[in-house]
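I have placed the structure first, in the form of structure tokens, so that the comments after it can refer back to it.
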Amino acid sequence: MTDSNTAVSLPTLLARNVQRRAKAIAYREKEYGIWQTWTWFEAQQEVDALAKGLIALGANRGDYVAIIGRNRPAMYWAGIASQKAGCIPVPLYQDASAEELAYALDHCGARFVIAGDQEQVDKVADVSDELSNLEHVIYLDGRGLRKYDHEQMTAYIDVQKLGREQGDDDELAQRTAELTAQSTCVILYTSGTTSRPKGVVLSNHNVIETAKNSCEFDKLTHKEEILAYLPMAWVGDYIFSMGQALWAGFCVNCPESPDTMQSDLREIGPTYFFAPPQVFESQLTSVMIRMEDASKFKKRMFDHFMKVAKRVGPTLLDGGKVGFKDKLSYQLGKLMVYEPLKDTLGLRRIRVGYTAGEAIGPELFEFYRSLGINLKQLYGQTEATVFITQQKDGAVRADTVGIPSPGVELKIDDNGEVFYRSPGVFVEYYKNAESTASTKAQDGWVATGDAGFIEEDTGQLRIIDRVKDVGKMADNSLFAPKYVENKLKFYPDILESVVFGAERDKCCAFINIDLTSVGNWAERNNVAYASYQELSQHPEVLNIIGRHVSEVNTSIAEDEMLAGCQIHRFLVLHKELDADDGEITRTRKVRRGVIAEKFKDLVDALYDGSSSIYTETEVTYEDGRKGKITATLEIRDATVISREASAA
Amino acid sequence: MNETATPQMQDQTLEDYTTADGRKIGGVMMDLKSITLRFGGLIAINDISFNIRQGEIRAIIGPNGAGKSSMLNVISGFYQPQEGEVWFMGKKRPTMRPYKVARQGIARTFQNIALFEGMTVLDNIMTGRLNFMKTGWVAQSIWLGSAKKEETINRQKVEEIIDFLEIQTIRKTPVGRLPYGLKKRVELARALAAEPNLLLLDEPMAGMNVEEKEDMSRFILDVNDEFGTTIALIEHDMGVVMDLSDRVVVMDYGKKIGDGTPDEVRNNQEVIEAYLGVSHD
């Protein structure tokens, strides 16, 4: 890669790709049941036509062009074309509500909107009265728009036609030549769960350097195939489908519609793939459900070989050694189960797969890895142009997020917060100097807002929780309840857990059993029970949960920083935590405060050393009536590994 | 057909028409003159006349047993009225079999879905192209060049319709496995595949939930808008009818009791009493 100095902007990268491989396929989109293709040369023609059209429509240097729609080649071209015309592209979430859209459009002061279809046009039209800067809407799919007032609206192809017929080639060349590495490549709005969305300004330098580094890290070449199905306004898609695709020169495939993603995935068979854990989870669920309906023979074969895979698959993937017999079994399994299954899932050709966004369950992670799919984890942020840390082939684990990406420096401050500095560090929050200053230090270090630590032996980063959710225990050691709760919840027997310990000398926990899983166990072992409450207090169930808690303690004890979060005592709740009772939110997030208040007697019992407690709890039934349930709960001690012992 | 084309606009009221939303719709496409249809002693349709104009959405409403479906069957040529004349595209239509009527550019959907349950969505819609397939079964079975070319053209048209109605996900799914709302959409797709000038929809929204109804309404409007297809539909949901249609015919016990724009019909006393219920204001 000799020309990273000359590749100053995305348009120059496009031109470079045309020069290198004009006839290679750059974009595919399934339309009318067929994969339509565009070569690099054709893509550039389309981009140029649109860019000239934009100029002909009156776009000036520095104008903002909002892009709203699903993943389609034309929408990606819109991003490059805006840049070529000297404008700044602002991709926005297509499922954003009209108000959210209005906020972003107003904030960036977009003069042009390039919208995917009628739905997006309608949303923009709804809020256009509040937008003084908005002048023109360009739409891609004209369906249903025939009757609209076209005074301030033009079809995408008509803009291109205008560009082809009346476009000024010199003007376009002039504007493209003016782009530098420091000029703005894109503005991406962060989703903003806590406050108003912030517009993250990324320069060409940010995007190109990050793309280059990450492509080298995973040895991505022009032969990769990716499926572009994640929101275009999300930084991940921007880097994968624009930055990396243009840098490495690989093909971006766009699905026919959001609903056909699964079958399109199978048809394309990407070699490089990213998905959040939910996607993998729903795939696994659908596999398991279909296996339940399979013939007995097939089911036994599947179960047998999945056991083999679980035992040796991950080791083989990491290049480790296994016995000859296991190797043979795995090869047979590959032939009979793994390869056909991967093919059905559309994951057969994957060379590099990533998941990120939230903690992935180890079982889920291992399932895919055991099939021989090189699934890894990364940790990133919009402000970092995605990559902060990522896992190297052969050093992949479910509970870490990898080593610093090339060019990234990491540090952990005294509060445990992770900071980074890299070529990808964003320029600023658009029109928000205050937030920029509080996030990004003068010397370039950026606060992530996440607490974590670096493992000494592997150098991998582990993320614990958001900094604001992490507390302190009485002896001033770190208290990270969500970290412990997640570990507990990865056991199928445990549905929910609540860990207490802030400002106290030790941690204790409430556990909710998962009725499906534990009920299944009871059935298999002839354990009779009449109610959830009875099953939850069965001595054998308490033993099982006790073992899980001890195992979690063992794993927590391995981290010196978190060793204090080990669970000393626990009880299994006699009722499921319920949103109707206000104990959890509708999205199943534990309401710590409410629970501590409501079950104060139980919390006290956990800490005063009593071995059982009688309690009365008010419950709300589904029809809204209220009732009381009473129970005597046993409190168990869990095996705790002392700090001295773990240190030894 | 030995009828010569006669000027159809004898009646001055049939001249250009402007709809409620200011849209101009064309001349008369189908003119039904004094239609009477009897089944033995039962008079299903009693001396009804109305017309359908080019490019409009024309609704036929009425209580159960009013004769709406029979009317649709007369238009599609499935029933032959004992009295009256059917004029289509400026010509009087002689007695003809329904498949010939279909070739004239009239397609329909059914009240009770009539799809091939075991076949895929794609194949079902392809059957709508039957009238465009000229090669014989020999050519088709040995996949002659001409048959192949024809198949490609037809498939392309079908794919455009699949795209239009947003049913790409179920392209290869057997119809029997689809939920009701989607089956209705597939049926619409098949009717559209015939590239009709006049599309007859027999209760396109029966048994649908609100969301499915909204989707279907959108599609009907889009079909009318994009392809310029004239649509005649029977529907029970008054809200839908009033929103969708340019003009409405109201039937009761085989007789026409109202005809006009949705607003005119809504305020017609006879219609209110017979169908919409007496208003209390």
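So the values come out like this:
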read-out: Cα-based helix-to-principal-axis angle, A:539-557 vs chain A, degrees rounded to 10; value: 50
read-out: Chain A: angle of helix A:10-21 to the longest principal axis, Cα-based, in degrees nearest 10; value: 80
read-out: Partners for A:K431 among lysines (Cα-Cα distance below 27 Å; same-chain residues under 8 apart left out); value: A:K84, A:K123, A:K198, A:K440, A:K468
read-out: Qualifying chymotrypsin sites (Phe, Trp or Tyr not before Pro) in the range A:358-402, DSSP loop, other Cβ atoms within 10 Å at most 15; value: none
read-out: With every protein chain in place, the range A:470-647: carbon and sulfur % of accessible area (1.4 Å); value: 48
read-out: Which of A:H568, A:H107 is most accessible, then next, and so on - probe 1.4 Å; value: A:H568, A:H107
read-out: Cα-projected label distance for B:M238 with A:T620, points at 7 Å along beta-carbon direction, nm; value: 3.9
read-out: Centre separation in Å (Cα based) which lies between the range B:110-125 and the range A:461-494; value: 55
read-out: Accessible-area composition of chain B, carbon plus sulfur, in percent [1.4 Å probe]; value: 51
read-out: A:E366, A:E456, A:E29, reordered so the largest accessible area comes first (probe 1.4 Å); value: A:E456, A:E366, A:E29
read-out: Segments B:142-148, A:491-497, A:517-523 sorted - mean Cβ within 10 Å per residue, highest first; value: A:491-497, A:517-523, B:142-148
read-out: Rounded to the nearest 10 Å², the accessible area of A:H304 at probe 1.4 Å; value: 100
read-out: Theoretical gain in end-to-end length, A:A395 to A:K219 [0.36 nm per residue, Cα-Cα removed]; value: 61.8 nm
read-out: Loop-resident sites, the range A:112-187, for GluC sites (Glu not before Pro), counting at most 16 other Cβ within 10 Å (DSSP); value: A:E135, A:E178
read-out: Loop-resident sites, the range A:524-598, for trypsin sites (Lys or Arg not before Pro), counting at most 14 other Cβ within 10 Å (DSSP); value: A:R586, A:R588, A:K589
read-out: Under 18 Å from B:K149, Cα to Cα: aspartates and glutamates that are on another chain or at least 8 residues apart; value: B:D123, B:E159, B:E160
read-out: Relative contact order [Cα under 8 Å, 6+ residues apart], chain A, whole percent; value: 9
read-out: Over 20 Å (Cα to Cα) - which of A:K307/A:K327; B:K213/B:K256; A:K223/A:K310; A:K307/A:K334; B:K184/B:K255; B:K183/B:K213 fall in this group; value: B:K213/B:K256; A:K223/A:K310; B:K184/B:K255
read-out: Gyration tensor (alpha-carbon) shape descriptor, the range A:274-466, a/c threshold 1.5; value: prolate
read-out: Solvent-accessible ranking of B:R171, A:R70, largest area first, probe 1.4 Å; value: A:R70, B:R171
read-out: Inter-label distance for A:I412 and A:R196, nm, one decimal - labels placed 7 Å from Cα along Cα-to-Cβ; value: 3.6
read-out: The range A:356-432 - percent relative contact order, Cα under 8 Å, separation 6 or more; value: 24
read-out: Only Lys, Arg (+1) and Asp, Glu (-1) charged, at Cβ; the range A:470-647 dipole about Cα centre in debye; value: 320
read-out: Proximal lysines relative to A:K598, as straight alpha-carbon distance under 19 Å, when same-chain residues fewer than 8 apart are discounted; value: A:K575, A:K589, A:K626, A:K628
read-out: Shape call, chain A: gyration tensor on alpha carbons, a/c limit 1.5; value: prolate
read-out: In nm, spacing of pseudo-spin labels at A:M301 and B:D263 (7 Å Cα→C-beta vector); value: 7.0
read-out: Whole-number accessible area per residue in Å² for the range A:274-466, which is evaluated in the context of all protein chains at 1.4 Å; value: 48
read-out: Folded to 0 to 90 degrees: helix A:98-108 orientation relative to chain A principal axis, Cα; value: 60
read-out: Contact surface B-A: accessible area buried, both sides summed, square angstrom, 1.4 angstrom probe; value: 1300
read-out: Exposure of A:F273 as accessible area (Å², to 10), given a probe of 1.4 Å and all protein chains; value: 10
read-out: Rounded accessible area of A:V201 (nearest 10 Å², 1.4 Å probe); value: 10
read-out: Hull-based mean projected area of chain B, where the convex hull spans the alpha carbons, in square nanometres; value: 17.1
read-out: Quotient of Cα Rg and 2.2 N^0.38 Å for the range B:65-150, N being how many residues it contains; value: 1.40
read-out: Extension gain (nm, one decimal) between A:T630 and A:L332, 0.36 nm per residue minus Cα-Cα; value: 101.8 nm
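The values are calculated or read from the model by the stated rules, or taken from the named source; none is laboratory data. These figures come from a predicted structure and were not determined experimentally. All Cβ positions, even for glycine, are placed from backbone atoms using ideal geometry, and neighbour counts span all protein chains on display. When the accessible area is computed, the model is the full protein with side chains, heavy atoms only, and any ligands, DNA or RNA have been set aside. Shrake-Rupley method; radii C 1.70, N 1.55, O 1.52, S 1.80 Å.
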